[in-house]
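Working notes, structure below.
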Amino acid sequence: MRLVAFGCSNTYGLALPQEFIDDEVPLTSKYAWAAVLSNRLGVECVNKGIPGASNKLISHMISNTPLYSTDIVVVLWSYIDRWCVIENLKYNEHHPAINYSIAPWLSDKRSKYYYKLIYNETDHQLDTNYRIDYANLYFNSKGIRHYQSSCDSIDHPLLFDIKFQELRKIDKASDNLHAGIKAHKAMAEEFYKRIIL
């Protein structure tokens with residue numbers, strides 16, 4: 001049995017202490033909520049969190065990750081104002097999402113023009129809702145237990161609120177932006193309570 005977690009840097013555990021393979025390839029942090037939750041459940045952890053990921057990229061990862069009926073899947077959807085251009089059907093998880101990203105914090109030409117000329121919050125909210133619906137249908141069609149929440153204020157009936165915005169304030173990671181070790185532990189506990197119901 002595995003816990004498979006999808007999300008952005010808030011799932012990956014960005015800026016938490018982490019280990020490396022051959023001193024080069026970073027592993028997701030053992031302090032990230034996904035690892036803490038898998039330990040609590042006594043199952044293997046597969047953390048598919050991608051720093052900088054949009055909901056579009058998270059949806060793409062869900063579609064391209066081998067999943068089994070014995071898996072427990074948890075999705076922590078990202079912020080609705082992010083976007084990406086998928087240039088390769090097979091995403092390499094060690095290749096930074098930033099190369100695909102269109103985001104309000106980026107200063108590249110593509111991002112600037114996207115937010116100036118194309119971005120619409122309602123359109124992004126609708127797109128995210130469709131992706132949540134798709135994930136639900138996809139997991140159900142495979143008989144996979146799944147739980148979906150968000151680190152943004154996405155209003156969708158399939159999501160349950162883990163109170164992410166409150167929990168992330170418990171402590172900060174080394175970048176002083178992302179949630180720290182105690183905050184990730186609290187998030188894991190919120191997911192755990194939901195899973196064992």
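The values are calculated or read from the model by the stated rules, or taken from the named source; none is laboratory data. Just so you know, these numbers come straight off a predicted model, no measurement behind them. Reconstructed Cβ throughout: ideal geometry from the backbone, glycine too, with neighbour counts over all protein chains shown. In case anyone asks, the SASA skips ligands and DNA or RNA and just uses the protein heavy atoms, side chains included. Shrake-Rupley method; radii C 1.70, N 1.55, O 1.52, S 1.80 Å.
So, in the range 130-141, how many residues would count as being of a type in the set (Gly, Ala, Ser) and surrounded by 14 or more Cβ atoms within 10 Å (Cβ to Cβ)?
Within the range 130-141, residues that are of a type in the set (Gly, Ala, Ser) and surrounded by 14 or more Cβ atoms within 10 Å (Cβ to Cβ) number 1.
Restricting to the range 133-161, give me the number of residues that are in contact (Cβ under 8 Å) with a residue 60 or more places away in the chain and not small (Gly, Ala, Ser).
Residues in the range 133-161 being in contact (Cβ under 8 Å) with a residue 60 or more places away in the chain and not small (Gly, Ala, Ser): 13 in total.
Out of the residues in the range 32-68 that are among the polar types (S, T, N, Q) and surrounded by fewer than 22 Cβ atoms within 10 Å (Cβ to Cβ), which is nearest to Arg2 (Cα to Cα)?
Result: Asn39.
Mind listing just one residue for me: the one in the range 142-178 that is among the small types (Gly, Ala, Ser) and closer than 25 Å to Glu121 by Cα and, of those, surrounded by the fewest Cβ atoms within 10 Å (Cβ to Cβ)?
The residue in question is Ser153.
Give all pairs with beta carbons closer than 6 Å in which a residue from the range 49-68 that is farther than 25 Å from Lys30 by Cβ meets a residue that is not small (Gly, Ala, Ser) and not in a loop (DSSP other than H, G, I, E, B); count only pairs at least 6 apart in sequence or on separate chains.
Close Cβ pairs satisfying both conditions: Ser54/Trp83; Ser54/Cys84; Asn55/Trp77; Asn55/Thr128; Asn55/Arg131; Lys56/Cys84; Ser59/Arg131.
Out of the range 25-50, which residues are in a loop (DSSP other than H, G, I, E, B) and farther than 21 Å from Leu159 by Cα?
If the condition is that a residue be in a loop (DSSP other than H, G, I, E, B) and farther than 21 Å from Leu159 by Cα, then Leu27, Thr28, Ser29, Lys30, Tyr31, Gly42, Val43 are the ones that fit.
Which number in (1) open to solvent by less than 90 Å² (accessible area, probe 1.4 Å); (2) under 19 Å from Ser59 (Cα atoms); (3) not aromatic (Phe, Trp, Tyr) marks the one condition that Ile195 misses?
(2)
Yes or no, residue by residue, for (1) closer than 26 Å to Leu167 by Cα; (2) in contact with a strand residue (DSSP E or B) (Cβ under 6 Å, 6 or more places away or on another chain); (3) outside any loop (DSSP other than H, G, I, E, B):
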residue: Ser69; (1), (2), (3): no, no, no
residue: Val73; (1), (2), (3): yes, yes, yes
residue: Lys112; (1), (2), (3): no, no, yes
residue: Asp127; (1), (2), (3): no, no, yes
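I need the full set of residues from the range 129-174 which are in contact with a helix residue (DSSP H, G or I) (Cβ under 8 Å, 6 or more places away or on another chain), among the charged types (D, E, K, R) and in a helix (DSSP H, G or I), in order please.
Selection gives Arg131 alone.
Pairs please, first residue from the range 180-197 and closer than 18 Å to Val75 by Cβ, second anywhere and open to solvent by 70 Å² or more (accessible area, probe 1.4 Å), Cβ atoms under 7 Å, 6+ apart in sequence or on different chains.
Between residues of the range 180-197 that are closer than 18 Å to Val75 by Cβ and residues that are open to solvent by 70 Å² or more (accessible area, probe 1.4 Å), the close pairs are His184/Tyr31; Ala188/Arg40; Glu190/Lys163; Tyr192/Arg40.
Check Lys90 against each of (1) modelled with pLDDT of 95 or more; (2) open to solvent by 90 Å² or more (accessible area, probe 1.4 Å) and name the one condition it does not meet.
Only one criterion is unmet by Lys90, namely (1).
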